[in-house]
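> Below are the structure tokens for one structure; questions will follow.
The values are calculated or read from the model by the stated rules, or taken from the named source; none is laboratory data. For clarity, every value in this text was computed on a predicted model and none was experimentally measured. Note that each Cβ is placed from the backbone with ideal geometry, even for glycine, and that neighbours are counted across all protein chains shown. The accessibility values were calculated without ligands, DNA or RNA, using every heavy atom of the protein model including side chains. Shrake-Rupley method; radii C 1.70, N 1.55, O 1.52, S 1.80 Å.
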Amino acid sequence: MSNTSTINSQGPLLTNDGVPLKESLRKSLRRTKIRSFLLILVPLLFVLLLFVTPIAQLLSRSVDDIKINEAFPLTFAQYEVWEDKSILPSEEMFAAVINDIRITHKIENSEGRNIGKNLLGRSGTRMTYEYSGWRSLLLKTVKEAIKVDKKSKEEIKPYKWDAPYKERMIKRDKRWGKVEFWQSLGAMKDPYTMGYYLNAVDLRYDANKNIIQKVEYLRVYKTIWMRTLQVSLMVTIFCLILAYPVSYLLATLPMRISNILMICVLMPFWTSLLVRIVAWMIMLQQHGVINDTLVTILPCFEGMVNLPFFGATNIDLCFGDEDRIPMMYNFTGTIIVMTQILLPFMILPIYSVMRGIPPSYMKAAQNLGATPTWAFIRVYMPQSVPGIGAGCILVFIVAIGYYITPELVGGKDGLMIGNFVAREMQQTLNWGLAAAMGTMLLFAVLALYWVYDKFIGIDNLKMG
Amino acid sequence: MPETEPVVQFENVQKSYDGEILVVKDFNLDVAAGEFVTMLGPSGSGKTTCLMMLAGFEPVTNGNINLKGKPINNVPPHKRGIGMVFQNYALFPHMTVAENLAFPLEVRKIGKSEREEKVKQILDMVQLGGFGNRRPMQLSGGQQQRVAVARSLIFDPDLVLMDEPLGALDKNLREQMQYEIKHLHENLGLTVIYVTHDQTEALTMSNRIAVFDDGIVQQCSTPEILYERPENAFVANFIGENNRLMGTVEAINGDQVTVKTDSGDIVVATKINVNSVGDRATLSLRPERIFVSPTKGRTPNTYSAKVEELIYHGDHIRTRFSVCGHDDFIVKIPNSIDNVSLQEGKQVNIGWMPEDCLALDG
Ligand SMILES: Nc1ncnc2c1ncn2[C@@H]1O[C@H](COP(=O)(O)OP(=O)(O)OP(=O)(O)O)[C@@H](O)[C@H]1O
Ligand SMILES: [Mg+2]
């Protein structure tokens, strides 16, 4: 044998040329490495552009509070020196607000177009998240503060309003005299804020930046989060219960029959989501197929009966119009429809794992004396766990961010967090809050992934 | 072997999967206690099917299988108490070796301490003492095979079935395992039904071999008889190496027949299953029973042959002759001093005794 392969107790292994073996191995691998890196370069860029960038955007937007700090630098500087925050601030702070407005109002972008007015408007919106009323108060004040004295003969015409401002402002709008407005500035004074996250779980900052609960009637999100978890869990469990036997049949029936069954499983994938939801609406409504059928076919019996153990009993078996079961536009509707829609996501991974379990295991177990049931529990089921894990994770992850189904069939008590993200995006335009909620969803999913890895092991995950 | 009741009895068993083709046609076999019976046959001849019917995983289409005198057609697999080694071992991958071995004891509700005792004992028996905590995947093929055998024995079954248990192993390991299984059989007094399509394995291990073809047992006897006195051309051809000359029966004279080969040579042979003059016959000759340049008058059948090819095999030399119109006539010549003079292209005499030449069906 040459010295390339013998283990030399003195020093590192050398090749025939005297180069350390490791180094020569590294060199020989470098070219393959570079080539494979070039191969993945395009997909890598694609992922960066379309996946990492939006997530980074999402993260930054959920904590971003720079704009308002650009608009009101003097005010926030004064806030720092405001000592007793339980009483109204001094004249300097009122003056700072007016000065900030007057400076910001004139900000122009590089092309010379005014962006200050827009910035003030958006600041008003931002301030309203902390204390409602800020926007109208600010816009009203802006209008007054920038009025100039047209009659003045000077080159630069002076403003109509001049110091002292405190009295004037309170006279113009009584809200300037409410200390709560001033206190709420504390939550905005840093360029980065956790405010959106707090908002998403019904918390807020007080004047001293302590975290406190929101007032009772504003607490909405916590219930929504809980309901989102509840719906996702229930849908996952129902999917599992329904999918397991179906997958077992798919995996064990003769090819000819299982193919037909497979087509039935995949059929929903080939149908538009909306069509399926509408179909469910037709089925589940107050006057839908199911309720109508129940009303028509259930026997109507009412009257006294002599039962063996209970004696004479009044029995009312009528299923009338007033007994129609509400299955749509509520929690039940969301659960039913989501379970149906997500079922294939559970069936496919379980099926693919089950198909890989050779039938000889069940035979061996029975041959060794186990009843078919016991063989199934002890031998078959444990081997299908990777599929169950994958299916559950998949369904749960898809369910937790679901939007369209609850929107259409969820009514009021079937809405999930996804619907509120959409609402913040489209209606209230509070993108910061929407971003915070989205980020929380993302981290919930990552946490789930981590827990799974910890307890079952991600290598055991088989997606199909 | 004492004349006791057979452990297993197949009575006119037939099996069809699709209602069109009989995979097993009229299968009869008695296995006595302590016997090692091998089912040998080409692929697709129905060996696994027979085992599966015996183990209870395939219903018998027609006929009866008796286990210790009782018909078992309607007994579910888990109540048959038959040990089985599957072709791919079927060790449960999610359990350790010890858990695999304890499984049959567990379902029989045997206490924990006794269970551990037995597992330890059987692991030692198959020489895997320290491997109890490993997963099957962490064992080599031979070790897995031993675990599979141990698992099929741990609940003391009356009968053990092995379906090509050594199929996945390399030649050396295979030979070693053959001995180990053989020793287990002898030491524990097991009754074994073994399936293989390796004829050497069948010959070395079994008390009796049932040669399968086309769903029928062609012959079932001891290895010696199978080799020395095959009952038909299929068996002669399937077991061991064999030269075949085709011809027509010219005369029958008690045990002996005279056959005229297709090339016109007259051969005297032993009558096995040819019936009347004019029948087609296959003459079967073992390559090691041929004499090269026999002394005159020693062999009644002597013919001139041309040496076509010599292949050196160490202990013997395989020689290909053309003789009696057959150019693929193999003779194994022992590598001894007198036999080194053969050269390719030379013409020599070869001959054989009538008792070594069997006249079988054509
Ligand atoms: N489940 C089944 N359904 C239909 N036909 C089958 C089935 N199992 C086996 N067969 C057929 O029955 C015949 C015998 O099969 P079997 O498995 O018994 O052969 P074998 O002798 O064990 O062959 P091998 O040596 O290859 O294992 C084959 O022709 C096979 O195609
Ligand atoms: Mg087989």
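> Identify the residue in segment A:374-411 that is free of Cβ contacts under 8 Å to residues at least 60 places away in the same chain and under 27 Å from the mean Cα position of the chain (by Cα) and, among all such residues, is farthest from B:Met95 (Cα to Cα).
Restricting to residues being free of Cβ contacts under 8 Å to residues at least 60 places away in the same chain and under 27 Å from the mean Cα position of the chain (by Cα), the top hit is A:Glu407.
> Filter segment A:213-233 down to the residues that are closer than 16 Å to A:Thr332 by Cα and open to solvent by 60 Å² or more (accessible area, probe 1.4 Å) and list them by number.
First, pick out the residues of segment A:213-233 that are closer than 16 Å to A:Thr332 by Cα: A:224, A:226-233.
Once the filter is applied, which keeps residues that are closer than 16 Å to A:Thr332 by Cα and open to solvent by 60 Å² or more (accessible area, probe 1.4 Å), segment A:213-233 yields A:Met226, A:Leu229, A:Gln230, A:Leu233.
> Pick from B:Leu139, B:Leu169: which is modelled with pLDDT of 90 or more and buried (at least 18 other Cβ atoms within 10 Å of the Cβ)? I'd like the intermediate steps shown before the answer.
Numbers: B:Leu169 fails: modelled with pLDDT of 90 or more.
Selected residue: B:Leu139, the only one of B:Leu139, B:Leu169 that is modelled with pLDDT of 90 or more and buried (at least 18 other Cβ atoms within 10 Å of the Cβ).
> Report whether or not B:Ile65 is β-branched (Val, Ile, Thr) and either away from ligand 1 (no atom under 16 Å from the Cβ) or out of contact with any Pro (no Cβ under 8 Å at 6 or more places or on another chain) (or both). I'd like the intermediate steps shown before the answer.
On the way: β-branched (Val, Ile, Thr): yes; either away from ligand 1 (no atom under 16 Å from the Cβ) or out of contact with any Pro (no Cβ under 8 Å at 6 or more places or on another chain) (or both): no.
Here the answer is no, as B:Ile65 does not meet what is asked.
> Name the residues in segment B:243-271 that are surrounded by fewer than 16 Cβ atoms within 10 Å (Cβ to Cβ) and under 17 Å from B:Met353 (Cβ atoms), would you?
B:Asn253, B:Gly254, B:Asp255, B:Ile266
> Test B:Asn100 against the criterion of being surrounded by fewer than 17 Cβ atoms within 10 Å (Cβ to Cβ), assigned by TED's automatic domain parsing to the domain that holds B:Leu159 and away from ligand 2 (no atom under 16 Å from the Cβ), and give yes or no. Steps first, answer last, please.
Working: surrounded by fewer than 17 Cβ atoms within 10 Å (Cβ to Cβ): no; assigned by TED's automatic domain parsing to the domain that holds B:Leu159: yes; away from ligand 2 (no atom under 16 Å from the Cβ): yes.
Against the criterion (surrounded by fewer than 17 Cβ atoms within 10 Å (Cβ to Cβ), assigned by TED's automatic domain parsing to the domain that holds B:Leu159 and away from ligand 2 (no atom under 16 Å from the Cβ)), B:Asn100 does not qualify.
> So, one more: What are the pairs with Cβ atoms under 6 angstrom where one residue, in segment A:326-341, is open to solvent by 50 Å² or more (accessible area, probe 1.4 Å) and the other, located anywhere, is part of a loop (DSSP other than H, G, I, E, B) and of a type outside the set (A, V, I, L, M, F, W, C)? Sequence gap at least six, or different chains.
Correct list of pairs: A:Tyr329/A:Gly411.
> Here's something else I'd like to know. Any idea which residue in segment B:124-169 is nearest to the chain's Cα centre (by Cα), counting only those that are more than 13 Å from chain A (Cβ to nearest Cβ) and free of Cβ contacts under 8 Å to residues at least 12 places away in the same chain?
So, considering only residues that are more than 13 Å from chain A (Cβ to nearest Cβ) and free of Cβ contacts under 8 Å to residues at least 12 places away in the same chain, the one nearest to the chain's Cα centre (by Cα) is B:Ser140.
> On the basis of being over 16 Å from B:Glu355 (Cα atoms) and hydroxyl-bearing (Ser, Thr, Tyr), does B:Thr302 make the cut? Quick ask: steps written out before the conclusion?
Numbers: over 16 Å from B:Glu355 (Cα atoms): no; hydroxyl-bearing (Ser, Thr, Tyr): yes.
In short, no.
> Further, regarding this structure: For segment B:35-44, check the following and say yes or no: at least one residue is in contact with a helix residue (DSSP H, G or I) (Cβ under 8 Å, 6 or more places away or on another chain), part of a loop (DSSP other than H, G, I, E, B) and within 16 Å of ligand 1 (Cβ to nearest atom). Explain how you work it out, then say what you get.
Let us first name the residues in segment B:35-44 that are in contact with a helix residue (DSSP H, G or I) (Cβ under 8 Å, 6 or more places away or on another chain), namely B:36, B:38-42.
Filter once more, so that each one left must be part of a loop (DSSP other than H, G, I, E, B): B:41-42.
Restricting the remaining residues to those that are within 16 Å of ligand 1 (Cβ to nearest atom) gives B:41-42.
Yes, because at least one residue in segment B:35-44 is in contact with a helix residue (DSSP H, G or I) (Cβ under 8 Å, 6 or more places away or on another chain), part of a loop (DSSP other than H, G, I, E, B) and within 16 Å of ligand 1 (Cβ to nearest atom).
> Further question on the same structure: Here are the criteria: (1) part of a loop (DSSP other than H, G, I, E, B); (2) over 18 Å from B:Phe92 (Cα atoms); (3) open to solvent by 10 Å² or more (accessible area, probe 1.4 Å). Tell me which single one B:Asp124 does not satisfy.
Single failed check for B:Asp124: (1).
> While we're looking at this one, here's another question. Within the bounds of segment A:56-76, is there any residue that is closer than 20 Å to A:Met127 by Cα and assigned to a loop (DSSP other than H, G, I, E, B)?
Our first condition is that a residue be closer than 20 Å to A:Met127 by Cα; within segment A:56-76, this holds for A:60-76.
Retained after the next criterion (residues that are assigned to a loop (DSSP other than H, G, I, E, B)): A:65, A:72.
Yes, some residue in segment A:56-76 is closer than 20 Å to A:Met127 by Cα and assigned to a loop (DSSP other than H, G, I, E, B).
> Of the residues A:Pro349, A:Pro382, A:Pro386, only one is under 30 Å from A:Thr271 (Cβ atoms) and within 14 Å of chain B (Cβ to nearest Cβ); which?
Numbers: A:Pro349 fails: within 14 Å of chain B (Cβ to nearest Cβ); A:Pro382 fails: under 30 Å from A:Thr271 (Cβ atoms).
Answer to the check: A:Pro386.
> Let me ask something additional. Can you spot a residue in segment B:68-81 that is among the basic types (Lys, Arg), more than 14 Å from chain A (Cβ to nearest Cβ) and in contact (Cβ under 8 Å) with a residue 60 or more places away in the chain? Don't jump to the end; show me each part of the working.
Just the residues of segment B:68-81 that are among the basic types (Lys, Arg), to begin with: B:68, B:70, B:79-80.
Remaining after also requiring more than 14 Å from chain A (Cβ to nearest Cβ): B:68, B:70.
When the remaining residues are screened for being in contact (Cβ under 8 Å) with a residue 60 or more places away in the chain, the result is B:68.
Within segment B:68-81, one or more residues are among the basic types (Lys, Arg), more than 14 Å from chain A (Cβ to nearest Cβ) and in contact (Cβ under 8 Å) with a residue 60 or more places away in the chain.
> Moving on to the next point. In segment B:194-217, what residues are more than 13 Å from ligand 1 (Cβ to nearest atom) and not in a helix (DSSP H, G or I)? Outline the logic, then answer.
Residues of segment B:194-217 more than 13 Å from ligand 1 (Cβ to nearest atom): B:200, B:203-209.
Answer for segment B:194-217, where residues must be more than 13 Å from ligand 1 (Cβ to nearest atom) and not in a helix (DSSP H, G or I): B:Ser206, B:Asn207, B:Arg208, B:Ile209.
> If you don't mind, another one. Could you tell me whether B:Glu106 is out of contact with any Ser or Thr (no Cβ under 6 Å at 6 or more places or on another chain), facing chain A (nearest Cβ under 10 Å) and among the acidic types (Asp, Glu)? Explain how you work it out, then say what you get.
Numbers: out of contact with any Ser or Thr (no Cβ under 6 Å at 6 or more places or on another chain): yes; facing chain A (nearest Cβ under 10 Å): yes; among the acidic types (Asp, Glu): yes.
Criteria met by B:Glu106.
> For the subset of segment B:27-67 comprising residues that are among the charged types (D, E, K, R) and either within 16 Å of ligand 2 (Cβ to nearest atom) or at pLDDT below 90 (or both), which member is farthest from B:Gly189 (Cα to Cα)? Break it down stepwise before answering.
Here is the first cut: in segment B:27-67, the ones among the charged types (D, E, K, R) are B:30, B:35, B:47, B:58.
Add one more test, that the residue is either within 16 Å of ligand 2 (Cβ to nearest atom) or at pLDDT below 90 (or both), and what stays is B:47, B:58.
Values: B:Lys47: 24, B:Glu58: 28 Å.
The residue in question is B:Glu58.
> Name, by its number, the condition in (1) at pLDDT 90 or above; (2) more than 16 Å from ligand 1 (Cβ to nearest atom) that does not hold for B:Glu180.
(1)
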